[in-house]
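Structure first, commentary second.
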Amino acid sequence: MKVKIIFFSLIFLTLYTNCWNPFAPQEGKVHEMNPISLKDPLNVLNRIVLSYQNRDIDLYKSTFDSTNFVFIFDPKDEGLEEYLEQLGITNYSWGFTEEYLSTKSIFESMEEKNIVLIPIFSGGYEQSYGDTLIVIVRSYNFEPPVIEGEIIEGTVHFWVKKCNDKLWRIIRWYDYVR
């Protein structure tokens, strides 16, 4: 008889505890998604990937120091000089506004065509210069949907600075295409 009581007690406890989860969120409460914090300089890469994945221009532009940002193109990139000249750019670089507008245009085009383009960063290293500057070097690749089978590869050097608000943002983006 004791064995039956213990057996049924164990079954009851098992069933009861399987229905209750002490770690489950409380019903009716909305949990806000906390975006990737820029308190860690390496999170600028995660934010860039996430912004492309979600085509979120506001998340993308939050990774840059809008007053000091410069994107530097690879002068060895074939066909780039002609394209930049059409835009009135002669020094292989542009600032925050041009980066914002070009990426916004890309995101809108991706949205229109229901395309998701995700850059993949791999390998590389980081080099710190004091407490407020770090250079992050990574290889990257992505498959542009407009050219089937084409893979764009290169190396990127992000100069990431700790700003006055204690958040890390990109101030220089050197892009070297392979």
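The values are calculated or read from the model by the stated rules, or taken from the named source; none is laboratory data. Only a predicted model underlies this, so the values are computations on that prediction, with no experimental measurement involved. All Cβ positions, glycine included, derive from the backbone under ideal geometry; neighbour counts span all protein chains shown.
Things to note:
- Meets criteria (out of contact with any strand residue (DSSP E or B) (no Cβ under 9 Å at 6 or more places or on another chain), within 17 Å of Arg169 (Cβ to Cβ) and among the aliphatic types (A, V, I, L, M)) for Ile106: no
- Residues of the stretch 34-60 satisfying the condition of being among the aliphatic types (A, V, I, L, M) and either modelled with pLDDT of 90 or more or closer than 22 Å to Ser102 by Cβ (or both): Leu38, Leu42, Val44, Leu45, Ile48, Val49, Leu50, Ile57, Leu59
- Of the residues examined, Leu101 is one that is under 17 Å from Ser62 (Cα atoms) and without any contact (Cβ under 8 Å) to a residue 24 or more places away in the chain.
- Candidate set from the stretch 121-145 (those that are more than 14 Å from Arg178 (Cβ to Cβ) and in contact with a helix residue (DSSP H, G or I) (Cβ under 9 Å, 6 or more places away or on another chain)); member that is surrounded by the fewest Cβ atoms within 10 Å (Cβ to Cβ): Pro145
- Residue within the stretch 112-119 that is surrounded by 11 or more Cβ atoms within 10 Å (Cβ to Cβ), in contact with a Ser or Thr (Cβ under 9 Å, 6 or more places away or on another chain) and farther than 19 Å from Asn46 by Cβ present: yes
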